[in-house]
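First up is the structure itself, then whatever we jot down about it.
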There are 2 protein chains.
Amino acid sequence: MKADEIEIIEAGQAARILWSDGQRSRFHALWLRDNALDPKTRSAGNGQRLITVLDIPPATLIGSAAPTASGDIAVSFVPGGHETVFPAAWLHERIYDREQPREAGWLADAVEPWDSALKGGVPSASYSLLRQDRPALGAWLAAVRRFGFAVLTEVPTTSGSLCDVAGLFGYVRETNYGRWFEVRAEVNPNNLAYTNLGLQAHTDNPYRDPVPTLQLLSCLENSVEGGDSIVVDGFAVARRLRREDPHGFELLTRHPVRFEYAGSSGVCLRAKRPFIELGPDGEMIAIRFNNRSAAPFVDVPYADMPAFYAAYRRFAEILEDPAMEVTFKLKPGELFIVDNTRVMHARKAFSGTGKRWLQGCYADKDGLLSTLAAIEAESVREAAE
Amino acid sequence: MKADEIEIIEAGQAARILWSDGQRSRFHALWLRDNALDPKTRSAGNGQRLITVLDIPPATLIGSAAPTASGDIAVSFVPGGHETVFPAAWLHERIYDREQPREAGWLADAVEPWDSALKGGVPSASYSLLRQDRPALGAWLAAVRRFGFAVLTEVPTTSGSLCDVAGLFGYVRETNYGRWFEVRAEVNPNNLAYTNLGLQAHTDNPYRDPVPTLQLLSCLENSVEGGDSIVVDGFAVARRLRREDPHGFELLTRHPVRFEYAGSSGVCLRAKRPFIELGPDGEMIAIRFNNRSAAPFVDVPYADMPAFYAAYRRFAEILEDPAMEVTFKLKPGELFIVDNTRVMHARKAFSGTGKRWLQGCYADKDGLLSTLAAIEAESVREAAE
């Protein structure tokens with residue numbers, strides 16, 4: 001992509017670029033000055049911005065703007081006369097003069113909603129491969145970004161090895177449950193997860209803010225009858241609710257609910273967030289759902305409560321529809337990771353004979369997405385060499 | 001508080017309670033059934049709910065409702081005949097038949113906005129006291145909840161001791177910067193924090209999702225000229241902007257911005273969140289602000305960009321107004337903690353003579369607020385004994 005022509009418009013408050021593909025897009029003088037890439041504006045070493053918005057005169061205008069010989073964009077500003085050049089590809093990727101998505105519940109391009117049809121295509125890889133092959137690690141992390149879960153095989157069945165898996169791409173989030181925790185049937189459990197009861201599909205720790213954004217569950221032993229794992233795409237459930245009952249969807253996005261956990265001494269965790277969280281621009285960004293720790297809803301107006309309960313029920317009905325779920329039974333040495341802000345996981349009840357021993361730990365998406373972006377940048381650099 | 005009378009209304013879909021203070025409030029049958037506290041509904045051991053919303057027939061009505069002899073609320077439901085009793089105080093605390101706050105930018109009761117007038121009353125305590133005195137620890141944590149920051153004195157000047165401070169109430173959040181990190185002037189710094197430049201008031205790591213919700217900064221040496229620490233209440237800045245320019249405030253809440261950090265190899269962190277984040281009910285829940293890592297704004301429509309920049313500039317002007325700031329110079333053995341979703345911190349430039357050595361680490365509010373709630377529950381129990 002190159003800039004063919006540049007026209008100063010709005011008395012210098014903006015410029016309009018004609019790109020080599022025939023499209024036109026406008027950029028404001030203030031935006032261009034703020035986002036200049038030269039070493040007076042951004043640190044050459046670490047890329048951080050050296051100026052603040054207060055260093056830019058509010059009356060800043062474009063003094064001159066023209067394509068360079070290579071099709072990049074040369075701009076000077078008045079007052080001050082600052083001169084800078086934007087690479088055409090860089091600026092083209094940051095066009096904001098466009099239709100912005102505003103439909104409540106839209107999804108980022110990198111996210112693909114799914115249902116039980118994904119069953120034959122569960123993303124899976126071997127741990128031993130991921131440890132030595134950066135592109136393979138990138139592909140597995142990209143599946144987590146796209147589908148919100150993935151399976152890993154050949155994980156050592158030594159206690160705590162799931163923390164090493166988290167270390168492949170990020171950092172364990174330690175909580176009151178420890179760096180990792182045991183998931184097996186206990187006498188006097190402080191959490192129903194530590195029984196042989198079935199568990200409705202849920203996100204973990206919704207009573208915590210910030211919620212852990214990733215969960216890893218690793219299998220060390222599994223000789224019981226039942227105890228299968230189920231995953232359900234919360235984004236897909238929310239979008240199906242939106243299709244069937246737009247007002248119900250809106251109620252679950254508009255009113256926060258409360259979650260609470262106080263099952264252990266010295267612990268009293270509470271959070272207030274909606275079941276379906278949208279960004280201010282309507283992007284669907286998180287699901288929180290957990291019947292065990294949902295506290296009384298006190299932020300829903302009296303008049304809305306019956307419709308709110310009907311929407312809550314419908315959400316639960318959809319998530320229990322087998323058409324929405326992918327089921328698998330973890331074998332020893334297998335692990336699954338879920339995006340805990342999106343994919344709900346469930347467990348079928350299991351019998352008392354045999355042994356089911358899982359370990360869980362939490363981590364965060366910042367590290368995962370950072371590692372993935374770094375691997376993607378490496379492969380772009382290699383392709384360019 | 002006791003229930004004096006209970007009337008079944010709306011053909012059994014709800015009940016209206018007349019409380020001993022003369023107030024009336026309504027509760028729906030579905031809400032009451034869902035939130036029953038009896039051992040068939042909630043685990044007696046850990047308090048978690050044993051039923052899901054799908055276990056409650058959608059046509060559930062109140063069969064009978066009456067005050068008990070002690071003024072609690074006895075209810076039975078049809079169909080099914082489930083019987084339960086709600087303690088009056090418990091139910092009274094969870095009244096939802098009330099005016100709900102809806103003004104954009106309202107603050108929770110536990111939060112108190114502040115400006116430079118707080119200077120004489122900076123919350124401060126001694127580490128050696130907090131280690132042995134639970135009520136003193138509770139008071140210090142309550143100050144963090146109320147003001148979003150606090151100072152701690154008598155912290156050992158041994159490297160890494162700030163992690164022990166985090167351990168008093170929660171857990172360190174490890175990141176690509178480590179469990180803790182050094183803040184001192186470096187030759188080739190990967191972050192401008194590691195220079196002697198002044199830093200505009202900011203929240204840390206806005207390019208990370210989830211953002212670390214607490215930051216601790218501990219002083220090991222400080223013999224330079226300058227380098228004072230400044231804290232500014234982001235909630236107070238946002239509310240002043242709302243007062244002066246309601247449309248500008250709205251723009252900063254309605255459009256997300258981007259943050260990015262890629263200063264170290266293998267790290268590429270990106271986030272998309274608004275400068276001022278409101279919950280779906282309008283509660284102000286977070287501030288993100290950092291000139292160094294703000295990426296180009298690409299989610300603001302072209303037509304809104306000039307007004308968006310004007311609001312961004314005004315926000316920056318307010319946060320640099322000395323009337324908003326509290327300044328102090330950390331001495332060796334002193335530490336401050338900030339709620340990184342609310343309070344912005346800044347640093348004045350410092351001279352090259354002398355030495356300034358700080359260490360920082362991140363932690364999260366879930367642990368802090370849980371420990372605080374547990375201490376508050378202990379003191380209620382002790383008062384009752």
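Could you please state, rounded to a whole Å, how far the C-alpha centre of segment B:264-306 is from the C-alpha centre of segment B:325-385?
24
If you take all C-alpha pairs in segment A:3-92, what percent of them are over 22 Å apart?
Value for segment A:3-92: 23 percent of Cα pairs lie more than 22 Å apart.
For chain A, set up a Gaussian network in which alpha carbons nearer than 10 Å are linked by springs, and say which option among A:322, A:113, A:57 fluctuates the most.
Highest fluctuation among the options: A:57.
Got a number for carbon plus sulfur as a percent of segment A:3-92's accessible area, 1.4 Å probe?
The computed percentage sits at 53.
Subtracting the Cα-Cα distance from 0.36 nm times the residue separation, let me have the gained length for residue A:383 to residue A:157 in nm, one decimal.
That pair, residue A:383 and residue A:157, stretches by 77.6 nm at full extension.
Rounded to the nearest whole Å², what accessible area per residue is found for segment B:3-92 with the 1.4 Å probe?
43
Under a Cβ-only charge scheme (Lys and Arg +1, Asp and Glu -1), can you give me the dipole magnitude of segment B:239-385 about the Cα centre, in debye to the nearest 20?
Approximately 860 debye in magnitude.
Hey, can you find the accessible area per residue of segment A:171-272 for me, probe 1.4 Å, expressed in square angstrom?
Normalised by residue count, the accessible surface of segment A:171-272 is 35 Å².
Report D for chain A in µm² per second (integer): Stokes-Einstein, Kirkwood Rh on Cα pairs, 10 °C, 1.306 mPa s.
Taking Rh from Cα pairs, D becomes 66 µm²/s.
With a 1.4 Å probe, what is the total accessible area buried between chains A and B, in Å² rounded to the nearest 100?
7500
Select from A:310, B:116, A:20 the residue farthest towards the positive end of the dipole of the protein assembly as shown; place +1 on Cβ of Lys and Arg, -1 on Cβ of Asp and Glu, and compute about the Cα centre.
My answer, from the dipole projection, is B:116.
Given segment B:124-374, what count of lysine pairs have C-alpha atoms under 17 Å apart, with each pair 8 or more places apart or on different chains?
Lysine pairs meeting both conditions in segment B:124-374 amount to 4.
Could you pull the copy-to-copy label distances for residue A:93, with points set 7 Å along Cα to Cβ, in nm to one decimal and sorted shortest first?
Counterpart label points of residue A:93 in the remaining copies fall at 5.1 nm.
Give me the percent of Cα-Cα pairs in segment A:342-385 that sit more than 15 Å apart, rounded to a whole number.
The answer is 69 percent, as a whole percent.
Say a label goes 7 Å from Cα toward Cβ at residue A:79 in every copy; what distances in nm does this one have to the rest, shortest first?
8.0
What are the residues of segment A:299-319 that lose 10 Å² or more of accessible area, with a 1.4 Å probe, going from their chain alone to all protein chains?
In segment A:299-319, residues shielded by partner chains: A:299, A:300, A:301, A:302, A:305, A:306, A:309, A:312, A:313, A:316, A:317.
Can you compute the charge dipole magnitude of the protein assembly as shown about its Cα centre, using +1 on each Lys and Arg Cβ and -1 on each Asp and Glu Cβ, nothing else charged? Give it in debye, rounded to the nearest 20.
Here the protein assembly as shown has a charge dipole of around 580 debye.
Of B:302, B:261, B:171, which is the most mobile in a GNM of chain B whose springs link Cα atoms less than 10 angstrom apart?
In the Gaussian network model the winner is B:302.
Residues of segment A:44-78 losing 20 Å² or more of accessible area relative to the isolated chain, 1.4 Å probe, heavy atoms only?
For segment A:44-78, once contacts with the other chains are taken into account, A:46, A:48, A:49, A:50, A:52, A:53, A:54, A:58 lose 20 Å² or more.
Could you go through segment A:113-122 in sequence order and give the Karplus-derived ³J(HN,Hα) for each residue, using 6.51 cos²θ - 1.76 cosθ + 1.60 with θ = phi - 60°, rounded to whole Hz, and x for Gly and Pro?
x, 9, 9, 4, 5, 6, 3, x, x, 4
Choose one answer from B:366, B:245, B:109: the residue with the largest mean-square fluctuation in a GNM of chain B with alpha-carbon springs under 10 Å.
Comparing B:366, B:245, B:109 in a Gaussian network model of chain B, the most mobile one is B:109.
Restricting to segment A:3-92, compute how many DSSP beta bridges are antiparallel as a %, nearest 5.
About 100 percent, rounded to the nearest 5.
Can you pull the percent of Cα pairs in segment A:259-385 with separation above 26 Å?
Result: 46 percent of Cα pairs exceed 26 Å.
On average, how many beta carbons from a partner chain sit within 10 Å of the beta carbon of a residue in A:196-207?
For peptide A:196-207, the averaged partner shielding equals 1.
Using a probe radius of 1.4 Å on heavy atoms only, what accessible surface per residue do you get for segment A:324-385? Whole Å² is fine.
With the other protein chains kept in place, segment A:324-385 gives 37 Å² per residue.
Counting only protein heavy atoms, probe 1.4 Å: which residues of segment A:132-173 lose 50 Å² or more of accessible surface in the full assembly compared with their chain by itself?
Hits at the 50 Å² cut-off: A:171.
In whole percent, how big is the carbon plus sulfur part of the accessible area of segment B:124-374, probe 1.4 Å, protein atoms only?
Reported share for carbon and sulfur atoms: 51 percent.
Given charges of +1 on the Cβ of Lys and Arg and -1 on the Cβ of Asp and Glu, with all other atoms neutral, how large is the dipole of segment A:124-374 about its Cα centre, in debye to the nearest 20?
80
Expressed as a rounded percentage, what relative contact order does chain A have, with Cα pairs under 8 Å and six or more residues apart?
22 percent.
Report, by chain and number, residues whose modeled amide H sits under 5 Å from the one on residue A:278, excluding near sequence neighbours (fewer than 5 apart, same chain).
Amide H neighbours of residue A:278: A:285.
Output, in nm with one decimal and in ascending order, the distances from the residue A:179 label point to the matching label points of the other copies (7 Å from Cα along Cα-to-Cβ).
Result, one decimal in nm: 0.8.
What list of ³J(HN,Hα) couplings, whole Hz, do you get for segment A:237-253 from phi and the Karplus terms 6.51, -1.76, 1.60, once you set θ to phi - 60° and write x for glycine and proline?
Each residue's phi maps through the Karplus curve to give 4, 5, 6, 5, 4, 4, 5, 7, 8, x, 5, x, 4, 4, 4, 6, 8 Hz.
Nearest-5 percent of antiparallel DSSP beta bridges in the protein assembly as shown?
If we restrict to bridges inside the protein assembly as shown, about 95 percent are antiparallel.
Counting residues in the protein assembly as shown as N, plug N into 2.2 N^0.38 Å and put the Cα Rg over that result.
After normalising by residue count via 2.2 N^0.38 Å, the value is 0.99.
Check each of the GluC sites (Glu not before Pro) in segment A:203-254 and keep only those in coil by DSSP with at most 14 other C-beta atoms within 10 angstrom; list them in order.
A:225
From the phi angles alone, apply the Karplus equation (6.51, -1.76, 1.60; θ = phi - 60°) to segment A:175-185 and give each ³J(HN,Hα) in whole Hz, x where the residue is Gly or Pro.
Working through the residues one at a time gives 9, 4, 7, x, 5, 9, 9, 8, 10, 8, 4 Hz.
Could you point to the residue in B:180, B:3, B:200 farthest towards the positive end of the protein assembly as shown's charge dipole, with +1 and -1 charges on the Cβ of Lys/Arg and Asp/Glu respectively?
So the residue furthest toward the plus end is B:180.
Please report the equivalent ellipsoid semi-axes of segment A:159-314, computed as sqrt(5 x eigenvalue) of the Cα gyration tensor, largest first, in whole Å.
Over the Cα atoms of segment A:159-314, the semi-axes work out to 30, 18, 17 Å.
The values are calculated or read from the model by the stated rules, or taken from the named source; none is laboratory data. Fair warning: this is a prediction, and the values are worked out from it, not measured in the lab. Quick reminder, even Gly has a Cβ in these numbers, built from the backbone with ideal geometry, and neighbours come from all protein chains shown. Surface areas here come from the heavy atoms of the whole protein model, side chains and all, with no ligands, DNA or RNA. Shrake-Rupley method; radii C 1.70, N 1.55, O 1.52, S 1.80 Å.
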